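Q: Input: one structure, supplied below.
The values are calculated or read from the model by the stated rules, or taken from the named source; none is laboratory data. Since the model is a prediction, treat every value here as computed from it, not as a measurement. Cβ sites come from the backbone with ideal geometry, for glycine too, and all protein chains shown count toward neighbours.
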Amino acid sequence: METEESSIVNRNFIAKCGEGAGEAAGLGSKSLQARVFFLVAATFATIYLTQPVLPVLRREFGIDAARASLSVSAVIFGIALSTLPFGRLVDRFPARPIILFGGTFVSLCGFLCAATRNFPLLVAARFAQGLFIPALTTCLMVYLVRRLPPERLNIAMGAYVSATVAGGLGGRLLAGFIHPPLHWRYAFVTASVLLLAGTVDAGRWLPREEAGQEVPEEEAGFAALLSRHDLLRLFSVGAAALGAFSTVFNYLPFYLAGPPFRLPTQYITMLYLSYLVGVGIGPVAGRLGNRLGNGLTMALGAVVFALSVLCALLPFLALVGVSLVGMCAGFFVVHTAAVGALNRKLTASRGRANSLYLLFYYLGGTAGITAGGYAYQRWGWRGVIALVASLMLVPFAAGLLEARADSGRQPASAVATSPPLQ
């Protein structure tokens, strides 16, 4: 649910953004890794902050599950809308002022979320946070690829990707476990203070002078990329994958808080630790893609996800926990394979193609949470499971089509990618 906006980083995009860039003093050091990790983790902690306390919000504001889930889907929708604009903005202007303004604005909105007693205002503030989260994530990633040499960039990006997992999980633990769930407002205060501290620290190490870089004119535009059916197929995989993943984790607290489990919020929150599977499964999925091909890997991940989600129908808590681990594994396999397949198809415009993937990815997450709310209201947890299992037909079918296409051409060399983690 975990960004938790996330980045997709590949070597060609790095080369495009980083050509001719100088290295600032001290960049690439362990200090930089720690600072990047802290800022990114603090950013991603805000995205899914309310997810484990959705039943608490439902009771406090007197609303249904679908409306309570807007506190999560509004952020994701904001990220989806602003990812492309901020990508273009940072191509033309220095990253430092954009990052500093974005971090300050998201923090102030977090304080507003903590203070408001009006649910529509809470949702509006969460949407505003989503609109400016790419000012931090997208712009920081582009800044790093401009300033760092390749041997140091890989290390810094490793810290970036690890931070997306740590931040997404940390935000959930912050609201549902560290702070008492009934005091979820303190979680917003804590997250906002951490993000503000990371932003102030970034103001100290980001250089004041940095030239923006124009996007090469010869690269294919967004319209040309969207006209390619093979790319649209992969964009739809990202949308379906995050839609399914977000839906399960969004309505899981409602299911476990009711009969037959009646778990307290702290225990429900601990089940989000299954998200840590994402730390180790990414490299495994990459090697599996090299061995079997991205298409078959994608289809295999969809099968694992679908079988795992069906296991969550059985009313045994241990089995629900195991099924969550399987869903996380399946999701990250599908996601990694889709990103790998996307970048292998392109020799140019990879930055724009990855931005479009992110757009579909987050729109799919928003749509999945919204549709899941209606399914939960009408059919309960079984309706959510049916929706999620049906969404897995998209990566399964796309994977088989991709495997058929792969069989007709020579395997391409692997492209190093770091898929966005939720």
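Q: So for the range 14-34 (the condition being charged (D, E, K, R), under 28 Å from A341 (Cα atoms) and modelled with pLDDT under 85), does at least one residue qualify?
A: Applying the first criterion (charged (D, E, K, R)) to the range 14-34 yields 16, 19, 23, 30.
Among the residues that remain, those that are also under 28 Å from A341 (Cα atoms) are: 16, 19.
Now drop any that are not modelled with pLDDT under 85, which leaves 16, 19.
Checked against the condition, which is being charged (D, E, K, R), under 28 Å from A341 (Cα atoms) and modelled with pLDDT under 85, the range 14-34 yields at least one hit.
Q: With L292, L226, L252, L242 as the choices, which residue is surrounded by fewer than 20 Cβ atoms within 10 Å (Cβ to Cβ), closer than 22 Å to I76 by Cα and not polar (S, T, N, Q)?
A: On the way: L292 fails: closer than 22 Å to I76 by Cα; L252 fails: surrounded by fewer than 20 Cβ atoms within 10 Å (Cβ to Cβ); L242 fails: surrounded by fewer than 20 Cβ atoms within 10 Å (Cβ to Cβ).
Only one candidate passes the filter, namely L226.
Q: Take the range 233-246 and flag every residue that is under 18 Å from V277 (Cα atoms) and polar (S, T, N, Q). Walk me through it before giving the result.
A: Narrowing the range 233-246 to residues under 18 Å from V277 (Cα atoms): 241-242, 244-246.
Within the range 233-246, just S246 meets the criteria.
Q: Among L136, L100, which is the only one that is buried (at least 24 other Cβ atoms within 10 Å of the Cβ), touching a Ser or Thr at 6+ places or on another chain (Cβ under 7 Å), farther than 22 Å from A239 by Cα and not charged (D, E, K, R)?
A: Values: L100 fails: buried (at least 24 other Cβ atoms within 10 Å of the Cβ).
Exactly one of L136, L100 is buried (at least 24 other Cβ atoms within 10 Å of the Cβ), touching a Ser or Thr at 6+ places or on another chain (Cβ under 7 Å), farther than 22 Å from A239 by Cα and not charged (D, E, K, R), namely L136.
Q: Just give me the residues in the range 184-222 being modelled with pLDDT under 80, more than 23 Å from R350 (Cα to Cα) and aliphatic (A, V, I, L, M), in sequence order.
A: Result: L206, single match.
Q: List pairs: first residue in the range 30-46 and assigned to a helix (DSSP H, G or I), second residue of a type in the set (D, E) anywhere in the structure, Cβ distance under 8 angstrom, at least six positions apart or on different chains.
A: R35/D201; F38/D201; L39/D201; F44/E2; F44/E4
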